Amino acid sequence: MDIFAFYPQYQVLVCKRCAYAVAPKHLASHIKTKHPHEACHDAGLHPAHHRVGRLALMLAKRLQTRHDLLDPAVSKIPVPLPTERPLSDLKLYRGIQCSRCEYLLTKTKHTIVLMGKHFNQHRLLPRKPGRQSKIADIPEADKGPMFTDVYCQRFFTSGPQSSFFAVHVPTVVQELKGQPQLRKADLLRAIINEQLDASNGKQQVTAQTYTSQTTKTEVSPWLELTRWPRFFDGLDMTEVAPLAYLPNPRTEPGLAALGESFDRIIEQAYLSICEDRISVFDQAKINSFISDRSSKQERLIMVKLQKGTFRVYKGLWKRLLCFTYRTSLPSQKIPLLHRFTSNQLCALDKAMTLAEELLALKGAGKDD
């Protein structure tokens, strides 16, 4: 039957119409269910007057006799190398491949999540389940991209050895240069498209650089009050953002202990308000820290929040604390606008010293 293509180097039979390989034991059922008319046509019979099942079985035996086929349930099927071109009769997919092993997935809406779960097995510092907060000083072995974009194919759609394998799809320029007879217009078109793709990549990198001009047409009282656009103007946010990541307990234990102390302070303050140990006048005073407030009606500090909201607020303040401490270090080279006074630097050093002493006491208690 012309609907099948045999690949001797892999010893598989690929159905051209369905664009996947068929195992030897499934050949008869595949012909019967997917291509009954072709089976009758090859035998010179009409499908309305003859049993297709018997013809499919006969054709399957003929194909197995003609070709030396491997059974994926018994034998290992060789696959193309990642540097080889796609097989013309197999369906081509876009996918992602793990940067540490050959694990490969096709692109779906859940692909990134599944790849993240797999990549977690390769990390020296595995991530816990749930939403991940960014931490600083990630181990060097854990850095780098989780995956790379690839093209992939597979022989079988189900059953044994139905995994995908990566293939190499050359760019249009490479493909055209390899042709003996080449039209200059086709080559120029391919080169222009390649340069446009490179230009788009540069624009994506430039988009990471923050500029205060992006907020000129937007009204944001919070941005006007805090002046963050002016503070970050012209800086590469991919370099600035790690300064506000939560600390890694292994590499920054003092800063992590400081964050835990901050959590305890917030919990104690929350319990004090809930137990009415702070008067309503003091609560209103705490909530009225903005000096130019025009409203005469003072509101009590809001504590009736969900646990998730508390967690988000605490995380925001802890990241701001990390940002403040890291920007005070002499090793920090990013040109930020703020400068610390001597009293502020002394206070930060004292806080870190107390955090390190607390860790030392905890370690001594465990040893005892």
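Here are the numbers for this structure:
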read-out	value
Qualifying residue in the range 239-247 (condition: touching a residue at least 40 places away in the same chain (Cβ under 8 Å), crowded, with 17+ Cβ neighbours inside 10 Å and among the aromatic types (Phe, Trp, Tyr))	yes
In the range 322-368, the residues that are in contact (Cβ under 8 Å) with a residue 40 or more places away in the chain and assigned to a helix (DSSP H, G or I)	Cys322, Phe323, Tyr325, Arg326, Thr327, Ala351, Met352, Ala355, Glu356, Leu358, Leu359
Given (1) surrounded by 15 or more Cβ atoms within 10 Å (Cβ to Cβ); (2) touching a strand residue (DSSP E or B) at 6+ places or on another chain (Cβ under 7 Å), index of the condition Leu55 fails	(2)
Count - residues of the range 252-289 that are modelled with pLDDT under 85, of a type outside the set (Val, Ile, Thr) and either closer than 27 Å to Arg326 by Cα or surrounded by 16 or more Cβ atoms within 10 Å (Cβ to Cβ) (or both)	3
Any hit, the range 240-251, residues being modelled with pLDDT of 75 or more, assigned to a helix (DSSP H, G or I) and farther than 21 Å from Lys314 by Cβ	yes
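The values are calculated or read from the model by the stated rules, or taken from the named source; none is laboratory data. The shown structure was predicted, so the numbers you read here are calculated from the model rather than taken from an experiment. Cβ sites come from the backbone with ideal geometry, for glycine too, and all protein chains shown count toward neighbours.
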